[in-house]
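The values are calculated or read from the model by the stated rules, or taken from the named source; none is laboratory data. Because the structure is predicted, anything quoted here is derived from the model rather than measured. Heads up, the Cβs are rebuilt from the backbone with ideal geometry, glycines too, and the neighbour counts pull from every protein chain shown.
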Amino acid sequence: MSILVTGGAGYIASHTSVLLLKEGHDIVIFDNFCNSSSESIRRVESITDKKITAIEGDIRNRDDLIKVFDKYDIDSVIHFAGLKAVGESVDIPLKYYDYNLSGTITLCQVMKEYNCKSIVFSSSATVYGDPHTTPIKENFPTTATNPYGRTKLFIEEMLRDIFISDNEWKIVLLRYFNPVGAHISGTIGEDPQGIPNNLMPFVAQTAVGKREYLNIFGDDYDTPDGTGVRDYIHVMDLAQGHVDAIEKINSFDNVMTINLGTGNGYSVLDMVRAFEDASGRNVPYKIVQRRDGDIATCFADPSYAKEILGWEAKRSIREMCEDGWRWQSNNPNGYNNGEDKK
Ligand code: NAD
Ligand code: WQD
């Protein structure tokens with residue numbers, strides 16, 4: 001089976017590609033490298049000892065996609081490509097609607113033209129907004145508090161409409177909680193450009209000495225230690241969820257919406273301490289004001305993923321931090337050593 005991996009050079013897709021290749025799937029990576037480096041693809045090749053077909057192109061560009069579907073017999077798409085910075089999406093919403101929504105529309109149009117009707121989509125726990133209770137089940141109400149989250153919600157709805165119009169489509173919506181960590185080799189990992197928005201890359205850069213201290217956004221939440229609680233999930237566990245989804249996709253007769261989380265909530269301070277233990281480094285921090293739009297607590301009920309996919313997260317917080325640290329300390333400047341991306 002040939003799988004098109006959009007956004008294939010990115011953080012989650014590169015880890016997923018390792019497992020797809022190890023399971024013997026043929027993949028075609030498609031990325032415009034707007035937030036990644038082709039070096040990640042070279043490193044996936046080196047981990048798996050396989051040659052990867054990688055195409056530079058933009059999901060918003062019909063011709064780029066047609067070239068791929070013309071040349072390769074694509075059975076399924078795992079659709080990671082998109083922009084993901086919540087704060088930036090508030091400042092430049094049109095760019096987010098363009099990349100995420102228009103990009104997905106163009107992708108689905110081309111898929112339909114080539115009779116490729118199988119897609120796994122990267123959705124997000126952000127679609128639950130501020131949940132009324134935790135753990136969060138897939139049937140909880142959805143909402144969005146920022147343009148990024150709205151693009152995910154709209155794409156989910158659009159994919160459901162596509163299925164209603166044509167039941168031949170096979171669609172899995174994977175709602176990720178907070179992906180962290182890296183492949184155990186320490187050769188691929190998360191490589192944010194500029195100042196990291198997310199907690200764990202910021203913690204890792206502080207531990208390695210690139211940042212002086214971490215700002216902890218609020219210690220007055222209604223949580224055990226006052227800092228925000230999230231469901232951090234090892235990126236390799238997340239990657240396995242994609243392999244399980246794509247391998248079972250043909251057995252589904254409805255759109256499947258599935259949480260990928262561990263079911264455990266850890267606070268910011270828990271994560272800082274765990275990272276300090278795993279790295280042997282100090283992570284100095286200051287408590288500052290809450291960040292706009294943040295919620296107190298968010299963690300998954302992952303039981304549906306177990307029931308439907310036979311999947312569950314296996315890796316501990318310790319492994320998330322050890323593997324994240326191995327990547328960060330071996331690659332203090334990410335993939336590009338301070339040079340241009342790509
Ligand atoms: P990432 O930025 O590392 O990967 C996204 C990839 O898509 C990048 O390689 C980027 O260059 C590529 N891309 C972006 N726009 C493109 C376009 N128009 N055409 C072709 N390629 C394009 O991000 P990630 O963390 O690996 O996230 C992957 C997906 O998972 C995204 O859709 C994201 O919204 C979603 N997601 C991420 C998280 C998270 O915390 N990392 C959580 C929930 C959902
Ligand atoms: C985690 C905790 C912060 C940074 C975001 C998106 C979500 C999804 C995952 C894509 C919170 C605290 C953070 C820092 C801190 N992405 N924090 N100092 O906000 O749960 O989710 O990424 O879909 O849509 O919103 O993740 O890693 O930014 O924050 O104190 O410098 O760490 O307040 O409690 P979040 P995060």
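Some observations on this one:
- Within region 134-159, being without any contact (Cβ under 8 Å) to a residue 40 or more places away in the chain, out of contact with any strand residue (DSSP E or B) (no Cβ under 9 Å at 6 or more places or on another chain) and part of a loop (DSSP other than H, G, I, E, B) holds for Phe140, Pro141, Thr142, Thr143, Ala144.
- Residue within region 35-45 that is within 16 Å of ligand 2 (Cβ to nearest atom), at pLDDT 95 or above and over 17 Å from Ser118 (Cβ atoms) present: yes
- Candidates in region 160-177 are the residues that are in contact with a strand residue (DSSP E or B) (Cβ under 8 Å, 6 or more places away or on another chain) and β-branched (Val, Ile, Thr); of these, the one that is farthest from ligand 2 (Cβ to nearest atom) is Ile162.
- Residue satisfying all of: in region 1-18; of a type in the set (S, T, N, Q) and crowded, with 24+ Cβ neighbours inside 10 Å; farthest from Ile188 (Cα to Cα) among these: Thr6
- Lone unmet requirement of (1) closer than 30 Å to Thr257 by Cβ; (2) surrounded by 15 or more Cβ atoms within 10 Å (Cβ to Cβ); (3) within 10 Å of ligand 2 (Cβ to nearest atom) for Asn197: (2)
- Of the residues making up region 212-231, those that are closer than 13 Å to Tyr266 by Cβ and buried (at least 17 other Cβ atoms within 10 Å of the Cβ) number 6.
- Count of region 136-156 residues which are within 11 Å of ligand 2 (Cβ to nearest atom) and crowded, with 21+ Cβ neighbours inside 10 Å: 4
- Residue list for region 29-43, filter: within 18 Å of the chain's Cα centre (by Cα) and not acidic (Asp, Glu): Ile29, Phe30, Asn32, Phe33, Cys34, Asn35, Ser36, Ser37, Ser38, Ser40, Ile41
- All positions within region 100-122 that are under 17 Å from the mean Cα position of the chain (by Cα) and touching a residue at least 60 places away in the same chain (Cβ under 8 Å): Val120, Ser122
- Exclusive hit being of a type in the set (Ser, Thr, Tyr), assigned to a helix (DSSP H, G or I) and at pLDDT 95 or above, set Tyr304, Tyr335: Tyr304
- Evaluated against (1) more than 19 Å from the chain's Cα centre (by Cα); (2) crowded, with 19+ Cβ neighbours inside 10 Å, Ser46 falls short on exactly one condition, (2).
- Region 181-214, subset within 16 Å of ligand 1 (Cβ to nearest atom), part of a loop (DSSP other than H, G, I, E, B) and of a type in the set (Val, Ile, Thr), residue modelled with the lowest pLDDT: Ile195
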